[in-house]
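Please treat every number below as a calculation from the coordinates, not as lab data. Just so it is clear, the structure is predicted and the values come from calculations on it, not from any experiment. Neighbour counts are summed over all protein chains in view; Cβ atoms, including those assigned to glycine, are modelled from backbone coordinates with ideal geometry.
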Amino acid sequence: MPGRLVRLAFGDFLDRARRPACLAVLAAAVGLGCLAVPGTDSHWVILRVGDYRGRYNSAYTGMAVALAATLWLSLGGFYVVRDALGRDRRSGVGELLAATPLHTVGLLVAKALANVLVLASMVGVLAGTALVMQLARGESTAVAPVALLLPFVVVTLPVVVLTAAVALLTETVPVLRGGVGNLAWFFVWLVVAVGGMAPGAPFGGLGVHEPVASMRDALLAQDGNAAGVRDFSLGFTYEEVPLRVFDWDGYTPSSGYLLSRAALLLLAVALAALPAIWFPRFAPATGGRARPGGVAGTLPGLPVQPAAFTGRPRTPVPTGRSGWQLLAGEVRLLLRGNGWWWPGVAALAVAGTLAPLPGVTRIVLPAAWLWPVLLWSRLGAQRHTDGVTALLDAYPAPRRRVLAEWLAGVAVAALTGAVPLVRLLLAADLPGVAAWCAGALFVPSLALALGTLSRTGRLFQAVYLPLWYATVNGLPLLDFMGSDDGPRIPCPPCPLLPPPSQLPLFVRSAVTVSTTALPRPSSPTRAARTRGLVVFFAIAFGASWLCMIGVRLAGLSLVNPLAQLSFAFLPAIGALVARRVSGEGFADAGLALRLREQWRWYLAAWLCPLLLAFATIGLAAALGVPGVRLSALDGLIPGLPGWAGVTVLMAVVPLLTPVYWGEEFGWTSYLRPRLYRAQLSRSVLATGLIWALWHYPLAFLGYIEFADPLLGLALWTCSFLVQETLLALLYLRSGTIWTASLAHAGNNMVLALLVGTVLKGSDATTLTWLPILPLAALSAIALLAARRGRAMIRP
Amino acid sequence: MLELIDVSKVHSGSKRSVDGITLRLGTGLLGLLGPNGAGKSSLMRIAATVTRPTSGRVLFDGMDAVARPQTLRAALGYLPQDFGVHPRLTAREFLSYLAAARGIRARQARARVSELLELVNLTQAAARPLGGYSGGMLRRVGIAQSLLSDPRVLIVDEPTAGLDPEERVRFRNLLSELAADRAVLLSTHIVSDVASVASHIAVLAGGRMLAHGTAEELLRAVAGQVWETTVPPEHAAALQARHLVGRTARTGAGVRLRLLAPAPPVPEAQAVSPDLEDVYLAAVNQPAVDPAAAR
């Protein structure tokens, strides 16, 4: 029986792991891991004991990432693994399972186990990222695997297992199955997150208390006068003064602690099995999409004998402006079936009328714009969840429909926020009115964008709730509804113009609406493709350069990988948005892994950077470049011999592939095929130049410093050209963007790093031109082979 | 009116669901026959501008419908094989919503929706949420929405799936009447659905067109190749292994077989007049025979 459950769970896990969303989730885990280990001089911290943080050794790094993962995965992980049963219900697999002899308890436990496998894969990625971050921070490069991994096992995994079980349980309760369960979990999590850190929390809560107590003891042993030792915080916080550092080498969990974690696991198993009491095993009456091929329900009281055929309809159907009918239809779609909603609207209206103005802006308006969350989350998603796209894709005027859908969302915002708006107008609080307008536009825009992108309402629910919570708690940067009653900026001369502080929100709304109101026609024209390219460049260049400059102005170093993350994914984001805007879809995106059939190209992508590194070093030695020292590889990772350090780098490269996908999905997958179609050399040349141009600001912002900027940029451009040649050919030969992403990761983490280490005394110009020669040689060979007409695989 | 010229659709992994098909739709009903996986639905989706062909052209009144699909969509009624509905809306509300999406004015939409609901025999259920409808009722809602704008081109994919026999007869009668003054493309794997109403028939398999012509032309192509015979049960298996058997029936005298063969399969076999089912079987199991040039 246990083996059967594991096989069932693994099959479910495989199905989920093969979806593109899974890669996005794992990439998010890598991002989380990077965020959890801020730079050594950063003002942002995740874990703080008094005014101290631990030195980034294996124990502390592992614990910091594990604690952050516990907090974040218990929230985000719930939304990731939700809908396990819903998927089976919709696909019809549930009915097949229901007809097997498998007991309901076994079925539910297998589903919970599949949820655990998904979240455990995230924990595994986080553990790997913790190792990389420890080495990257460089405060302690001695790797202690047990100390690094133990926190993930004893602290994170039990909470993650419990989250997986709760996610499953909520799916079996009809009222919690949909958005209500998603909303409820956010507030439950708030309680769990706060209460779970208390010493007396049931089952040890989040498991924070004992490790932090150990840290306090270690800190006091090193500095008996350490201030604020009783203070502890877990979560992203800003410190005016960077924290001081203490040493913590881990701890041995007590037997009581371990028992409490085991009890948490048992609780999770019990919660997973409990629904067997009421779960009806996917019986059709419990719901499913209404579709003509299936039995959706029964309708009593209908005539048995059909009427005689009376001939075709005769009513003429002139077409014209039907915008109001369409808007009315969209509003009806949002509001239908929500009788429970109206009393809440009425109550909020009464509260908004009676409360003093500060209470209206601080409490009533936020409540009014929390109440419609489940309605807003249908925007962009409902046509997919109801399966109506099969009909609507053949209908004319899709833009009109999307605009009507967005306006329906704005109408809901206006309806629920009407009384606060009136109060603001009566108080002549024009900045507040402007903020209200921004919020009324922003929220439906965000919902429509996220619903359209994800085709489900869950993403908006998961994103909006923390945003709303942060706004309610007074984070001004995120105050999209002007609920902060701090000093208002004076009203500008024209009352119709928003105050400067609200302009970014209007712009954000406009951009969001414009990108999502432009739908995906099933046959993109040249104009649509051009529009896509414009959007791509606006995001890939505009947003990236702004981030680069912003990072520098914030005083961060662009060499810092965390700082680089702020713009590293923008080419991919630009491509994603551009594909949606232009309607080109993702058929040629190369997102399929194709690991089995293209393993040779994966191997080549992984090994070539290492071979190129050795070729470059050999070339440097042959040319008599001063300072070539292979022995410097022994210092690559302190404490490890050179060969071991290189091995670690090679092992890390695949883990970083998703990060470099952030560029390759934009440049190689999206842009190159759209420049000089069917002319490989020209498209590679153009893409390489554009890619180089994208990097140029970094040469003036401290990322790389050329003694002669013009020469350096020229050499740098050549480097990008030859790299893009290889990456494009890799993509075309394998049909998947992941080989190019892997090669790019190798170029940065192996080729550049090894050459830079061995030639430590050389300047940036030398380190740039040396690898160009072996890269160019390999590119020439690859191009010649391509021109001989070997088959390219189309993604 | 609507032309598909050398249209192909290639999916990832080089799978061709449609392979170089040319079709010209004018007034009348073209029945598209083929087994499951023949590419009928893929072809229908291309014709309905839901998906783009990998190669080839789609012309509507001489204009490129791939580059500019709006003109065709405005004149199109499309019923896909599989679709969903908004379960909280009633049939009347759902059709009114779709009428608005088609740009039909409110007053005309109300009358049209009522007429269509009566046509598909859903008037009495019109005020109930779609979430409670049976599969056949939802199929009828789908038929109704395809006729909202009185389309010049009607593309229906397996429209009678889930309908009871009387409803299927009603729908065939409707299609027959509609085909008098517009182009109708009907896809099905049920031969009887097209036998009585189609002016032209195309047989698809493996993404390719195997046969195309009027019913009379296709029947002539297999004339003299259809045989019926009754054999003892112990001989039936051998015949089935050597020849293409269309129908088998056990009788008191033995097993009655209807076979396709260029010559009498057994001396006792009698030649019979072919029907469309024989044409279908012959087409999907033999090299393409195209009595009327399709290209």
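What to note about this one:
- Within straight-line cross-link reach of B:LYS40, aspartates and glutamates at Cα separation under 12 Å, skipping those fewer than 8 residues along the same chain: B:ASP19, B:ASP157, B:GLU158
- The simple spin-label model puts a point 7 Å past each Cα toward its Cβ; for A:LEU258 and A:PHE700 those points are separated by 6.0 nm.
- What the Kirkwood sum gives for region A:518-656 is a hydrodynamic radius of 19.1 Å, with every pair of different alpha carbons counted.
- Region A:96-250: radius of gyration over Cα atoms, expressed as a fraction of 2.2 N^0.38 Å: 1.32
- Directionally averaged projected area (convex hull, Cα atoms, region A:592-787), nm²: 11.3 nm²
- GNM flexibility winner over chain B from B:ARG105, B:ARG220, B:ARG16 (Cα, springs under 10 Å): B:ARG105
- Förster-model FRET efficiency, 56 Å R0, B:ASP82 and A:LEU425, C-beta, rounded to 0.05: 0.65
- Note on A:PHE10 and A:ALA213: the model spin-label points, each 7 Å out from Cα along the C-beta direction, lie 4.0 nm apart.
- About the centre of its Cα atoms, the protein assembly as shown shows a dipole size close to 2060 debye [charges on the beta carbon of Lys, Arg (+1) and Asp, Glu (-1) only; nearest 20 debye].
- With the convex hull drawn around the C-alpha atoms of region B:224-272, the volume per residue stands at 64 Å³.
- Residues B:PHE94, A:PHE569 arranged by fewest to most Cβ contacts within 10 Å: A:PHE569, B:PHE94
- GNM flexibility winner over chain B from B:ALA211, B:ALA249, B:ALA100 (Cα, springs under 10 Å): B:ALA249
- The long axis of helix B:135-146 is offset from the longest Cα principal axis of chain B by roughly 60 degrees.
- Residue of B:GLU277, B:GLU115, B:GLU234 that the Gaussian network model of chain B assigns the largest fluctuation, springs spanning Cα pairs under 10 Å: B:GLU234
- Stretched out straight at 0.36 nm per residue, the stretch from A:SER681 to A:LEU467 would grow longer than its current Cα-Cα span by 72.4 nm.
- Two-decimal ratio, chain A, of alpha-carbon radius of gyration to 2.2 N^0.38 Å: 1.03
- Order of B:LYS9, A:LYS111 under a 10 Å beta carbon neighbour criterion, fewest first: B:LYS9, A:LYS111
- Between A:ARG399 and A:LEU693, full extension at 0.36 nm per residue minus the direct alpha carbon distance yields a gain of 102.4 nm.
- By the beta-carbon count within 10 Å of each Cβ, the least crowded to most crowded order of B:MET209, A:MET650, fewest first, is A:MET650, B:MET209.
- Computed helical MRE - 222 nm, chain A, DSSP H runs ≥ 4 contributing -39500 (n - 2.57), nearest 500: -19500 deg cm²/dmol
- Between A:THR389 and A:ALA276, the simple label model (points 7 Å from Cα in the Cβ direction) yields a spacing of 3.8 nm.
- Rg over Rh for region A:520-585 works out to 1.15, using Cα positions for both radii and the Kirkwood form for Rh.
- Rg over Rh [alpha-carbon atoms, Kirkwood Rh] for region A:2-279: 1.01
- Residues of region A:169-202 with amide N under 18 Å of a point placed 7 Å along Cα→Cβ from A:ARG87: A:169-172, A:177-179, A:182
- Unit Cα scatterers, Debye sum, chain B: log10 I(q)/I(0) for q = 0.08, 0.17 Å⁻¹: -0.41, -1.32
- For the pair region B:150-210 and region A:249-264, the centres of their Cα atoms are 69 angstrom apart.
- Extension gain, A:VAL153-A:ASP588: 0.36 nm per intervening residue step, less the Cα-Cα distance, totals 152.6 nm.
- Whole-percent pair-distance distribution, where bins are 10 Å wide, for the alpha carbons of region B:184-285: 15, 44, 28, 12, 1
- Rg ratio (alpha-carbon, reference 2.2 N^0.38 Å) - region A:334-406: 1.49
- Principal axis box of region B:96-213, alpha-carbon based, largest edge first, Å: 45, 28, 25
- Counting only residues at least eight positions apart within a chain, or on another chain, there are no lysines with an alpha carbon under 16 Å from that of A:LYS760.
- Charge dipole (region A:520-585, unit charges on Cβ, about Cα centre) - positive-most of A:ALA540, A:LEU565, A:ALA554: A:ALA540
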